[in-house]
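Read through the structure below, which is laid out as structure tokens, and then see the notes.
Taken together, the values in this text are just the output of simple stated rules run on the coordinates, not laboratory data. Remember, it's a predicted structure, so these values are computed and weren't measured experimentally. When we count neighbours, we look across all protein chains shown, and the Cβ atoms used for this are built from the backbone with ideal geometry, even at glycine.
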């Protein structure tokens, strides 16, 4: 059965109570026997233990390695770069040449009209 860690355990317990869970009422703890009674909830589908941040060290389902993994700095992806690839350069070069050809054609046609 799960242990839950939340910043707002009283709110979580209240929500569970509103859904019919028996929380902090001295229900028999069959699986989560180490859960403090005030944090224990019994539901028709199982048991739940709700911990707040100050009680996190009392949780039994996390190992020291789990806590270390949670506190390890996460790798930050490198910022996106706007490098121009070979295809972009080729397209830009082709566009430049096409533009120069069009300008040459237009300027010759104008010269003939005069």
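With no solvent and one equal point scatterer per Cα, compute the Debye intensity ratio I(q)/I(0) for the stretch 13-73 at 0.13, 0.25, 0.27, 0.30 Å⁻¹ and report its log10, rounded to two decimals.
-0.39, -1.01, -1.11, -1.26
Taking only Cα atoms and a 10 Å spring cutoff, compute GNM fluctuations for the chain and point out the largest among 20, 52, 99.
99
Which FRET efficiency value, to the nearest 0.05, do you get for residue 22 and residue 76 by plugging their Cβ-Cβ distance into 1/(1 + (r/R0)^6) with R0 = 35 Å?
E between residue 22 and residue 76, to the nearest 0.05, is 0.20.
Under a point spin-label approximation (7 Å from Cα along Cα-to-Cβ), what is the residue 96-residue 57 distance to one decimal in nm?
Between residue 96 and residue 57, the simple spin-label model gives 6.6 nm.
What value, in deg cm²/dmol to 500, does the helix sum -39500 (n - 2.57) over DSSP H runs of n ≥ 4 give at 222 nm once divided by the residues of the chain? Can you show the working numbers first?
Details: 3 runs with 46 residues, N = 114.
Counting only the DSSP helices, I get -13500 deg cm²/dmol.
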